[in-house]
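K.L.:
Below are the structure tokens for one structure; questions will follow.
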Amino acid sequence: MNGWSPRVWILGLLAASTTTVPALAQGKPPATKPAPAVAAAPAAAGLSLKEAKYAAIVAWLGTNPKAADRAEGLGEAADLAAEIGKWGEAKGHAEAYGKEFADGERSGEMKLMIGKALANLPGRAADAKKAFADAFEAAGDDVNAAVAATSELAELLVGMDDKDGAEQALHTLSERFAQVRGLKEFVQQKRAEIAEIGVEPKPIDVTAFDGKPLKLSALKGKVVLIDFWATWCGPCIQELPNVIAAYKKYHGQGFEIVGISLDQDEQKLKDFLASHDMPWPQFFDGKGWQNEVGQLYGVQSIPKTYLLDRDGKVRRVGLRGEALGREVQKLLAQKAGAAK
């Protein structure tokens with residue numbers, strides 16, 4: 001191997017600021033200096049952990065062009081760049097991976113990353129559409145890769161107000177993998193979500209868990225997330241940090257959340273809310289899957305989310321992960337009446 005691996009470089013970076021040289025036997029005072037192996041690493045002061053890791057890997061890539069684990073480094077760099085919103089750089093790392101490791105085990109993922117990056121760069125939607133189509137073709141018989149590419153393409157097309165194109169992409173997927181068990185149900189679910197885009201959501205006019213009125217129509221003019229969840233739902237709890245992060249970052253700009261709890265145990269919900277940073281209103285009626293609002297929206301699985309624009313219309317369904325924050329930011333930038 002030439003040089004260090006990305007992970008060793010990161011560990012060295014963190015150690016650089018604290019490594020000391022022992023005092024000499026003659027009694028000279030101890031000296032402090034950076035660890036020699038990481039002298040070229042970027043300073044981590046003021047960076048988040050992800051930003052520091054990313055900076056360290058980029059530095060490692062620059063000084064180890066022939067390393068045996070360079071493919072791993074490029075893949076991690078692309079992933080981290082995307083996570084911290086450096087989409088242009090994510091695209092560059094993914095393209096470098098494709099050039100240097102065309103048959104690498106993550107080549108398909110990197111093709112998809114290029115599409116994601118383009119989708120998040122201003123004015124590159126048409127290029128992103130082609131990139132996702134290319135990723136779908138490159139997937140071959142890999143149904144998981146094909147589903148990932150189609151899902152991203154459908155989301156992009158819906159955002160471009162091309163619901164017909166999104167439907168066609170799903171049709172192509174279902175035709176290619178017609179014999180795959182469960183795919184039919186997946187496509188049906190996606191089509192149902194697409195059908196809800198751009199329409200008015202079902203009215204919600206209830207009493208929240210804290211006894212205050214909760215009326216969805218009163219929130220027009222704001223970007224609103226309707227979040228169906230429960231304390232017993234593992235995926236809901238896994239997703240919660242993303243929801244909380246989006247609320248903290250964008251609430252002051254006009255982002256609101258309406259929680260719909262499918263719990264049955266009132267005390268458990270009360271204790272959970274008391275121990276988590278979730279100040280937004282919650283609706284709870286103790287009926288579980290028969291929850292009044294859940295029945296109104298036909299919810300059959302959770303987490304299930306609806307993101308509404310300032311006009312009160314559904315713009316995204318089922319958003320998860322860091323994509324939630326990105327979409328909230330986009331919708332907050334739009335004035336009421338601007339959406340088609």
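The values are calculated or read from the model by the stated rules, or taken from the named source; none is laboratory data. Every value quoted in this text rests on a predicted model; they were computed, and no experiment measured them. With ideal geometry, Cβ positions are generated from the backbone for all residues, glycine too; neighbour counts draw on all protein chains shown. In case anyone asks, the SASA skips ligands and DNA or RNA and just uses the protein heavy atoms, side chains included. Shrake-Rupley method; radii C 1.70, N 1.55, O 1.52, S 1.80 Å.
K.L.:
Ignoring ligands, DNA and RNA, what percent of the 1.4 Å accessible area of the chain is carbon and sulfur?
P.N.:
53
K.L.:
Compute, for TRP232, the solvent-accessible surface of its heavy atoms (probe 1.4 Å) with the complete set of protein chains present, and express it in square angstrom to the nearest 10.
P.N.:
120
K.L.:
As a quick test, which of the pairs LYS91/LYS249; LYS91/LYS335; LYS50/LYS116; LYS53/LYS330 have an alpha carbon distance above 22 angstrom in this structure?
P.N.:
Cα-Cα > 22 Å for LYS91/LYS249; LYS91/LYS335; LYS53/LYS330; rest within.
K.L.:
Now for a different question. Check LYS304: other-chain or 5+ apart residues with amide H under 5 Å from its amide H, H built from backbone geometry?
P.N.:
For LYS304, whose amide H was placed from the backbone, the distant partners under 5 Å are PHE228.
K.L.:
Calculate, for the chain, the solvent-accessible area per residue in square angstrom, rolling a 1.4 angstrom probe over the heavy atoms of the protein chains.
P.N.:
Accessible area per residue: 53 Å².
K.L.:
Follow-up question, since we're still on this one. Please identify the trypsin sites (Lys or Arg not before Pro) of region 186-225 that satisfy two criteria: DSSP loop assignment and at most 16 other Cβ atoms within 10 Å. Which are they?
P.N.:
Qualifying residues, ordered by number: LYS220.
K.L.:
Give me the accessible area of ARG124, 1.4 Å probe, in Å² rounded to the nearest 10.
P.N.:
Roll a 1.4 Å probe over it and ARG124 shows about 80 Å².
K.L.:
Roughly how far apart, in whole Å, are the Cα centres of region 241-278 and region 119-143?
P.N.:
Between the Cα centres of region 241-278 and region 119-143 lies a distance of 34 Å.
K.L.:
Leaving ligands, DNA and RNA out of it, work out the accessible area of ASP134 with a 1.4 Å probe and give it in Å² to the nearest 10.
P.N.:
70
K.L.:
Which of the following values of log10 I(q)/I(0) by the Debye sum over Cα atoms at q = 0.09, 0.13 Å⁻¹ was calculated from the structure shown: [x] -0.62, -1.09; [y] -0.51, -0.92; [z] -0.56, -1.11?
P.N.:
Matching the structure shown: [x].
K.L.:
With charges set only on the Cβ (+1 for Lys and Arg, -1 for Asp and Glu), what does the dipole of the chain come to about its Cα centre, in debye to the nearest 20?
P.N.:
That gives the chain a dipole magnitude of about 920 debye.
K.L.:
What 222 nm value per residue comes from the helices of the chain, counting each DSSP H run with n ≥ 4 as -39,500 (n - 2.57) and dividing by all residues, nearest 500 deg cm²/dmol?
P.N.:
That comes out to -16000 deg cm²/dmol.
K.L.:
Here's something else I'd like to know. Using the Cα centre of region 77-143 as origin and beta-carbon charges of +1 (Lys, Arg) and -1 (Asp, Glu), tell me which of GLY85, SER107, ALA131 is placed farthest towards the positive end of the dipole.
P.N.:
GLY85
K.L.:
Roughly how tilted is helix 143-159, in degrees to the nearest 10 and between 0 and 90, from the longest Cα axis of the chain?
P.N.:
For helix 143-159, the angle is close to 60 degrees.
K.L.:
Among ASP285, ASP263, ASP205, what's the order by accessible area (1.4 angstrom probe), most exposed first?
P.N.:
Ranked from most to least accessible, the order is ASP205, ASP285, ASP263.
K.L.:
While we're looking at this one, here's another question. Please list, ordered by chain and number, the residues whose modelled amide H lies under 5 Å from the amide H of ARG316; skip anything fewer than 5 residues away on the same chain.
P.N.:
For ARG316, whose amide H was placed from the backbone, the distant partners under 5 Å are LEU307.
K.L.:
On C-alpha positions alone, give me the angle between the axis of helix 49-63 and the longest principal axis of the chain, in degrees, nearest 10.
P.N.:
For helix 49-63, the angle is close to 50 degrees.
K.L.:
Could you list, in their original order, any pairs among LYS212/LYS270; LYS202/LYS222; LYS220/LYS270 whose Cα atoms are separated by more than 19 Å?
P.N.:
As for pairs spanning more than 19 Å Cα to Cα, those are LYS220/LYS270.
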